[in-house]
Amino acid sequence: MAVVLLVAAAGLAGPHQASALPGGGARPAASSAAPEGPALSVDTTTGRKAIDPHIYGINFADEALAKELRLPVRRWGGNATTRYNYKLDAYNAGADWYFENLYYENGTADLPNGSEADKFVEQNRRTGTDTVLTVPMSGWTTAARNAACGFSIATYGPQKANDAQWRPDCGNGVKTDGTNVTGNDPAETSVPAGPEFTKGWVEYLNRTYGTADDGGVRFYNLDNEPDLWSSTHRDVHPEGTGYDEIRDSTYATAAAIKDADPGAKTLGPVGWGFNSLIYSGLDQKTCNEKGGDCWSNPPDRAAHGGQLFAPWYLQQMKAYEQTHDRRILDYFDEHIYPQQTGVFSGDVDPQTQALRLRSTRQLWDPTYVDESWINQPVQFIPRMRSLVEENYPGTKLAITEYNWGALDHINGALAQADVLGIFGREGLDLATLWDPPASTEPGAFAFRMFRNYDGEGGSFGDTAVHAASADQDKLAVYAAQRSGDKALTVIVVNKTTGDLTAPVSVTGGTAPGGAAQVYRYGQDDVTAIKHLADQPLTDGGFTTTFPAYSITEYVLPAGSSEAKPPTAPGAPAATAVGSDRATLTWGASTAGSSPVASYQVYSGDTAGAPVATVDAPATSATVTGLSPATAYTFRVVAKDTAGRSSPPSTPVEVTTAAAPAATCTVGYAVGNDWGTGFTATITLTNKGPALGGWRLGFSFTGDQKVASGWNGTWRQNATAVTVDDAGWNATLATGASTTVGFNGAYTGGNRAPRDFTLNGKPCTAPGTVAAAHIAAPVGHAPGAAAAPYRMRTR
């Protein structure tokens, strides 16, 4: 068995200036005197989970690069695909290009055969790449292969900008006074296109290339960023896309795709970013115009029970499956573009370079407060996973657009390598970079380090294993094992401005006296990956110097990781399921090279901490602290006396019982939230016998603290809060209500509290409203005027 160790080191020099540092002067050569870096550790016996190769996808990669990378998936997406008409091979890119009808020069005699979309699919078939094809869902498609545009200056008057070079009559839809043109006729550029249009396209693709299960198109994006249509495609969809519209359109379009090809996989809702998890497109448009308190209590959300958009959407998809016995959403798909100033750009000043490398932490790190208008921890992938586990278990996770900028610079390549490592470690299922780097640019080499580091198909592993760094901001480490030859791969990103010497310990992956192959890509030569002299190994790893701004890959010889872990435990069965607990029982695991020591129970996947642990030979555990009437997915992992973990058991889904009858109801509302603090009121209604005194209890779900309160005596212990009556409001007749309130502070997220009780008995909280941070659309502060999101002309 071989082991591959991939290490990336970060500094601040430019791609063609290998000796330059940000402040000028010469970069010192690597030496044993390099400063001490954080310790790195890799353990092949734990944290094992599959890495889906679809995380290494790219939008619109050219054929040579796709072939070289053995590109797993390529996406046809972007604003231009929202109104693509496969029958005419024509499109309208909306605000990206003056709302003009455009078309591809592929000839028209045989259409739809030979269209640009056909060529896209055919390239993917030649390179063995799966296709993500975006289908229209806005209700419109391009009407003709003509020069029409949505905001003709002759028809709608002078505008602030126009396509002066090619079609001077086509304006940008903004009057000279800065207000938008309204009341235009969508029929000037477009024709209605509903689910049958999409179904017809899928049926055509089936006839031409086969079904998804027969080598045809595998994935279908349910349009592109529908929450921005009121901006990007406002000539045909001037209103924001609300909760109900996106649900109903998804039901109809996704069902049409499944009718035409049951094996196809759908991805939605394809929102533009962090705000897409919280707000509908209608609320984003409304609150961007109104500003202020609108962001804390937007009207579309209020009309849907106060639920944030993403959990509501996933619940609606689950409800469809329960009603129709058919899943129509396979991947929960959201885009993410870093909102920190300058990161999603080509900026490479020293401050932006450091910020770019730091900002990748928003993908996973609960301690990283996003350094933008978001100003709170994002934890994008764990947040998406939690939303799925809580609202529609079994749905996979996708990010079909992302870009950390500067792909033509070594700094952007290091950020890209870091992102790909995070995707694998965090268990993302599919991702496609927007859009491709040139094959000669550093960003392409970041992909090569994962997909073809030696030019002969050498790749990062397909089973993630545990990897940790004492300081992820200096050296970020990732590890995986290849299933073919059992090679182990590890990625580390050095985010300092100089060389670092650090120890690398490897458990279960080395043998004494061996040597590792070494491959390196970095600022000293941004044109090639270098195969360097072998790295000597000792039992347990090695110590080496990581050059600034470099990615280094080690191929280690076989070692003790050949020892066998335990087999997977038997499928768990649930008994004694209550409103807050369930007892799980499973079949015993068979020992491998060492005896079984314990069993760990996980909720969801096995990436986080176990929710229960029992010592072998026990094969039963009770999981407590569950929420009533909630679906959970549990898996069991065996761990042996050497610390090796088994594969997880087959999952079991458990739905907890409804909560006991409530003795009260509460309404929780946030009146104001300014990012670090907030004001909240609670209306308590007694549903039980008359009371002569009362105590209300609840639990915060974050780090919120009660600073001061009124209408009661307030106490807090960790996350648990109680408020006793103030005397004058102690009496509560049956059906009577009283209101209390408090000022609070927080540093993380500000979600609504839970587990309300009255005198120790449960309350229901139908009026609870999540305390959403005041957020802004991309590139804006709250209340700022709308502006184009980003130019995309694909």
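The number of residues in the stretch 643-682 that are within 27 Å of the chain's Cα centre (by Cα), buried (at least 16 other Cβ atoms within 10 Å of the Cβ) and within 15 Å of Pro628 (Cβ to Cβ) comes to 1. Beta carbons closer than 8 Å, at least 6 apart along the sequence or on distinct chains, pair a first residue in the stretch 410-424 that is surrounded by 24 or more Cβ atoms within 10 Å (Cβ to Cβ) with a second that is part of a helix (DSSP H, G or I) and of a type in the set (Lys, Arg) for Asn411/Arg356; Gly412/Arg356; Ala415/Arg356.
Of all the residues in the stretch 320-372, those that are assigned to a helix (DSSP H, G or I) and either among the basic types (Lys, Arg) or surrounded by fewer than 18 Cβ atoms within 10 Å (Cβ to Cβ) (or both) number 9. Residues in the stretch 248-265 that are part of a loop (DSSP other than H, G, I, E, B) and either in contact with a Phe, Trp or Tyr (Cβ under 7 Å, 6 or more places away or on another chain) or outside the structural domain of Glu203 (by TED's automatic domain parsing) (or both): Ala264 alone. Filtering the stretch 425-437 to residues that are buried (at least 24 other Cβ atoms within 10 Å of the Cβ) and under 10 Å from Asn403 (Cα atoms) leaves Thr432, Leu433.
Scanning the stretch 118-128 finds one or more residues that are on the phi > 0 side of the Ramachandran plot and in contact (Cβ under 8 Å) with a residue 12 or more places away in the chain. If you go through the stretch 579-607 and keep only what is in contact (Cβ under 8 Å) with a residue 60 or more places away in the chain and among the aromatic types (Phe, Trp, Tyr), you end up with just Trp586.
Could you pull out the residue among Thr250, Thr266, Thr286 that is of a type in the set (Val, Ile, Thr), at pLDDT 95 or above, out of contact with any Ser or Thr (no Cβ under 8 Å at 6 or more places or on another chain) and over 22 Å from Ala398 (Cβ atoms)? Checking each option against the conditions leaves just Thr286. Taking the criterion of being assigned to a loop (DSSP other than H, G, I, E, B) and within 18 Å of Asp755 (Cβ to Cβ), the residues of the stretch 690-703 that qualify are Trp694, Phe700, Thr701, Gly702, Asp703. Is it the case, given these coordinates, that Asn750 is without any contact (Cβ under 8 Å) to a residue 40 or more places away in the chain and part of a loop (DSSP other than H, G, I, E, B)? In short, no.
So which residues in the stretch 439-466 are among the hydrophobic types (A, V, I, L, M, F, W, C) and part of a loop (DSSP other than H, G, I, E, B), if there are any at all? Result: Phe460, single match. Residues considered: Val191, Val202, Val236. Of these, the only one that is assigned to a loop (DSSP other than H, G, I, E, B) and modelled with pLDDT of 95 or more is Val236.
Filtering the stretch 620-648 to residues that are closer than 20 Å to Glu390 by Cα, assigned to a loop (DSSP other than H, G, I, E, B) and of a type in the set (S, T, N, Q) leaves Ser627, Thr630.
Within the stretch 306-313, does at least one residue satisfy the condition of being closer than 30 Å to Gly443 by Cβ, in contact (Cβ under 8 Å) with a residue 40 or more places away in the chain and surrounded by fewer than 24 Cβ atoms within 10 Å (Cβ to Cβ)? Yes, the stretch 306-313 has at least one match. For first residues located in the stretch 386-406 and farther than 25 Å from Lys318 by Cα and assigned by TED's automatic domain parsing to the domain that holds Gln340, partners that are part of a strand (DSSP E or B) and modelled with pLDDT of 95 or more and lie 6+ apart or on another chain with Cβ distances below 6 Å form the pairs Tyr402/Ile336. Apart from one condition, Asp248 fits all of (1) in contact (Cβ under 8 Å) with a residue 12 or more places away in the chain; (2) under 28 Å from the mean Cα position of the chain (by Cα); the exception is (1). Inspection of the stretch 297-318 finds a residue satisfying the criterion of being more than 21 Å from the chain's Cα centre (by Cα), assigned to a helix (DSSP H, G or I), modelled with pLDDT of 95 or more and charged (D, E, K, R). Does the stretch 475-487 include one or more residues that are crowded, with 21+ Cβ neighbours inside 10 Å and closer than 23 Å to Gln339 by Cα? Looking for residues that are crowded, with 21+ Cβ neighbours inside 10 Å and closer than 23 Å to Gln339 by Cα, one finds at least one in the stretch 475-487, hence yes.
Here is a yes/no grid of residues against (1) at pLDDT 90 or above; (2) in a loop (DSSP other than H, G, I, E, B):
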residue: Val526; (1), (2): yes, no
residue: Ala571; (1), (2): yes, yes
residue: Gly592; (1), (2): no, yes
residue: Tyr599; (1), (2): yes, no
residue: Ala618; (1), (2): yes, yes
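If you check Val740, Val769, Val706, Val670 for being in a loop (DSSP other than H, G, I, E, B), outside the structural domain of Asp300 (by TED's automatic domain parsing) and either among the β-branched types (Val, Ile, Thr) or at pLDDT 90 or above (or both), only one passes: Val769.
Just checking, which of Glu225, Glu245 is surrounded by fewer than 22 Cβ atoms within 10 Å (Cβ to Cβ) and either touching a Pro at 6+ places or on another chain (Cβ under 7 Å) or among the acidic types (Asp, Glu) (or both)?
Step by step, each of Glu225, Glu245 is checked, and only Glu245 is surrounded by fewer than 22 Cβ atoms within 10 Å (Cβ to Cβ) and either touching a Pro at 6+ places or on another chain (Cβ under 7 Å) or among the acidic types (Asp, Glu) (or both).
Right, Thr501: touching a residue at least 60 places away in the same chain (Cβ under 8 Å), outside any loop (DSSP other than H, G, I, E, B) and surrounded by fewer than 20 Cβ atoms within 10 Å (Cβ to Cβ) or not?
Against the criterion (touching a residue at least 60 places away in the same chain (Cβ under 8 Å), outside any loop (DSSP other than H, G, I, E, B) and surrounded by fewer than 20 Cβ atoms within 10 Å (Cβ to Cβ)), Thr501 qualifies.
I'd like to know if the stretch 444-466 contains one or more residues that are crowded, with 24+ Cβ neighbours inside 10 Å and among the β-branched types (Val, Ile, Thr). The answer is yes, given that some residue of the stretch 444-466 is crowded, with 24+ Cβ neighbours inside 10 Å and among the β-branched types (Val, Ile, Thr). When Ala476, Ala487, Ala468 are screened for being at pLDDT below 90, closer than 18 Å to Gly541 by Cβ and within 23 Å of the chain's Cα centre (by Cα), only Ala476 passes.
Across the stretch 191-217, the qualifying residues are those that are over 30 Å from the mean Cα position of the chain (by Cα) and of a type in the set (Asp, Glu), and the one among them that is surrounded by the fewest Cβ atoms within 10 Å (Cβ to Cβ) is Glu196.
One line per residue, one yes/no per condition, for (1) buried (at least 19 other Cβ atoms within 10 Å of the Cβ); (2) modelled with pLDDT of 90 or more:
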{"site": "Val3", "(1), (2)": "yes, no"}
{"site": "His16", "(1), (2)": "no, no"}
{"site": "Ala20", "(1), (2)": "no, no"}
{"site": "Ser32", "(1), (2)": "no, no"}
{"site": "Gly47", "(1), (2)": "no, no"}
{"site": "Ala61", "(1), (2)": "yes, yes"}
{"site": "Leu65", "(1), (2)": "yes, yes"}
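Screening the stretch 467-498 for residues that are of a type in the set (A, V, I, L, M) and part of a loop (DSSP other than H, G, I, E, B) and picking the one that is nearest to Gln362 (Cα to Cα) gives Ala470. If the condition is being of a type in the set (Gly, Ala, Ser) and in contact with a helix residue (DSSP H, G or I) (Cβ under 9 Å, 6 or more places away or on another chain), then the stretch 36-93 contributes Gly47, Ala61, Ala66, Gly78, Ala80, Ala93.
The values are calculated or read from the model by the stated rules, or taken from the named source; none is laboratory data. In this text the structure is predicted, and so the values were computed from the model without any measurement. In this analysis, Cβ positions are derived from the backbone assuming ideal geometry, glycine residues included, and neighbour counts consider all displayed protein chains.
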